[in-house]
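The values are calculated or read from the model by the stated rules, or taken from the named source; none is laboratory data. Computed from a predicted model, the values in this text were never measured in an experiment. Note that each Cβ is placed from the backbone with ideal geometry, even for glycine, and that neighbours are counted across all protein chains shown. These accessible areas exclude ligands, DNA and RNA; they are computed on the full protein's heavy atoms, side chains included. Shrake-Rupley method; radii C 1.70, N 1.55, O 1.52, S 1.80 Å.
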Amino acid sequence: MKSVISLVVLSFGVMIVSAQVKVHTDMRTPTWNIIGLRYDAEIAPGKWGSVFPPALKALQNKVIELPGYIIPTKVGAKFTEFMFSIVPIASCPYCGSGDIPAMVQVKMLTALPITEKPIKLRGVFTINDSGDDRSEFFLLNAKQL
């Protein structure tokens, strides 16, 4: 009887371990941490907007490097424009606990093929503080390293 119970417990343990979500490679870097400093605040009574702390504003128009994952915004096999994130598309940023991580809209000099693997990019970082519906962060003239 003990061996049957042990076998059942062991089987459940194996099922639980195999059912665990695969953890992606941590792409967080000091630069991603600075990008993550952006927050929302009430900038006027009843009007909310983004706040960009001085450390984040200091990156404006600077060439930076970011590791991350391609998040396509349209169908295709190669992209010159896409969103870039510290989490892969397979990890739903709307599930689980914590905030949705910051994403950067990338505009490449040449098209990149889609990949689920992390890549590293270099480009000019720009903050869009206009309040329009576009992304708040851009990586322009980007190249894959």
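For the structure I just gave you, tell me whether LEU139 is open to solvent by 50 Å² or more (accessible area, probe 1.4 Å) and assigned to a strand (DSSP E or B). Considered against the rule, which asks whether it is open to solvent by 50 Å² or more (accessible area, probe 1.4 Å) and assigned to a strand (DSSP E or B), LEU139 comes out as no.
In the set ILE64, ILE34, ILE89, which member is surrounded by 12 or more Cβ atoms within 10 Å (Cβ to Cβ), among the hydrophobic types (A, V, I, L, M, F, W, C) and at pLDDT below 90? If you could, list the steps in order and put the result at the bottom.
Numbers: ILE64 fails: at pLDDT below 90; ILE34 fails: at pLDDT below 90.
Residue meeting the stated conditions: ILE89.
Of all the criteria given as (1) exposed (fewer than 15 other Cβ atoms within 10 Å of the Cβ); (2) modelled with pLDDT of 95 or more; (3) among the charged types (D, E, K, R), the one not satisfied by GLU116 is (2).
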